[in-house]
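Before we start, here is the structure in question, set down as structure tokens.
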Amino acid sequence: MTIKLIDSNNYIRRRLEAAATGRLVRTLFNEAFQAADPTIYVWDGVGALQRRRELFPDYKVGRKPAGESIYASMDVLRGVLKHTPALQVCVPGYEADDVIAHLAAKYKAVGVYIESTDQDFAALGVPMAHHTLKVPVEHVRLYKATVGDPRDKIPGIPGFGEKNWQKLEQHGGLSDLQRIAETGVFHHIDLSGRVLTWLTDANNCRLLNIYWQVVGFLPMTDDEINAHTTVGVPNYM
């Protein structure tokens, strides 16, 4: 058995935008109804960005929203999924990423597969769709915090980039960089010039720590998830 975790806003939006006809909701219903393995559709909760924007106000600012027809179709599908064996989770104040990370860790021993194009999930060490990482999975978070992530508006360290990343990677310096990111306090690191000057400023070290927190997964509890889980009630007649 493999538990399938679907990053619903990501997955459903891609399917809807690529659909040539208006029959996709029925197709998705059939897929959910006939799924051989347990399937959990995880949606972004109300106010999902708030926690990260309290840390870093520019987080995901300026992203192009889905069209009204996409949101309407998502709402229809959420209603339709209630009539399939699928579970749906939507926790207020959390992005789907955080919920999926918690569930993936909880059920990893059982077997988990994640459906999403979000490369952050690769760091969880479970099978996922669309794996296109430039770095080893254990360094995904550090890479995004330091090199940057334009999609989420994380600027990274000014002037750091791929060249300095590769230098540290080759000489075993990534652990020093991660120590700074995790603590927000400067420690010795084999860098020079503009990047080193930036890092030796205490305010910048604290900012790097904020990037580290924002690009990671927010902790949550089983109780929060259980309280916002909808169990489908399929009609097999």
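The values are calculated or read from the model by the stated rules, or taken from the named source; none is laboratory data. All of these numbers come straight from a predicted model, not from anything done at the bench. Note: ideal-geometry Cβ built from the backbone for every residue, glycine included; neighbour counts use all protein chains shown. For accessibility, only protein heavy atoms count, side chains too; no ligands or nucleic acids. Shrake-Rupley method; radii C 1.70, N 1.55, O 1.52, S 1.80 Å.
Just to check I understand the Karplus step: with θ = phi - 60° and J = 6.51 cos²θ - 1.76 cosθ + 1.60, what whole-Hz values come out for the range 172-181, glycine and proline as x?
Taking θ as phi minus 60°, the curve returns x, x, 5, 5, 5, 5, 5, 4, 5, 4 Hz for the range 172-181.
How far, in degrees from 0 to 90, does helix 8-18 lean away from the longest principal axis of the Cα atoms of the chain, to the nearest 10?
Result, in degrees: 70.
Using heavy-atom solvent-accessible surface (probe 1.4 Å) with all chains present, what is the largest-first order of Ile210, Ile6?
Ile210, Ile6
Go through Lys82/Lys134; Lys60/Lys82; Lys82/Lys108; Lys64/Lys144; Lys4/Lys64; Lys106/Lys167 and tell me which ones have a Cα-Cα distance over 32 Å in this structure.
The pairs that break the limit, which is 32 Å between Cα atoms, are Lys82/Lys134; Lys106/Lys167.
Another one. Just from its helices, what would the mean residue ellipticity at 222 nm be for the chain, if runs of 4 or more DSSP H residues each count -39500 (n - 2.57) and the sum is divided by every residue, rounded to the nearest 500 deg cm²/dmol?
-13000 deg cm²/dmol
What does the convex hull of the alpha-carbon atoms of the chain project to on average, in nm²?
Mean projected area for the chain: 14.4 nm², to one decimal.
Moving to a separate point now. Which whole-angstrom value gives the distance between the alpha carbon centres of the range 107-162 and the range 58-75?
The two parts, judged by their Cα centres, are 22 Å apart.
Could you please state, rounded to a whole Å, how far the C-alpha centre of the range 16-55 is from the C-alpha centre of the range 202-237?
Here the two parts' Cα centres lie 16 Å apart.
Here's a follow-up. Can you tell me which aspartates and glutamates have their Cα less than 15 Å from the Cα of Lys153? Leave out same-chain residues fewer than eight positions away.
Glu54, Asp58, Asp118, Asp120
Okay, next question. Can you figure out the FRET efficiency of Asp75 with Met220, using R₀ = 22 Å and their beta-carbon distance, to the nearest 0.05?
It comes to 0.35.
What list of ³J(HN,Hα) couplings, whole Hz, do you get for the range 58-72 from phi and the Karplus terms 6.51, -1.76, 1.60, once you set θ to phi - 60° and write x for glycine and proline?
Listing the rounded values in order: 7, 4, 6, 5, x, 5, 6, x, 5, x, 4, 5, 5, 4, 5 Hz.
With θ set to phi - 60°, apply the Karplus curve 6.51 cos²θ - 1.76 cosθ + 1.60 along the range 183-196 and write out the HN-Hα couplings as whole Hz, x wherever there is a Gly or Pro.
Couplings: 9, x, 10, 6, 9, 4, 8, 7, 9, 9, x, 4, 5, 5 Hz.
Before I look further, what does the range 140-237 give for accessible area per residue, probe 1.4 Å, in whole square angstrom?
55
Using 0.36 nm per residue of separation minus the Cα-Cα distance, give me the extension gain between Glu182 and Glu169 in nm, one decimal.
Between Glu182 and Glu169, full extension yields an extra 2.9 nm.
Here is a further query. For the range 147-237, just the Cα set please: Rg and Dmax, both in angstrom.
19.5, 71
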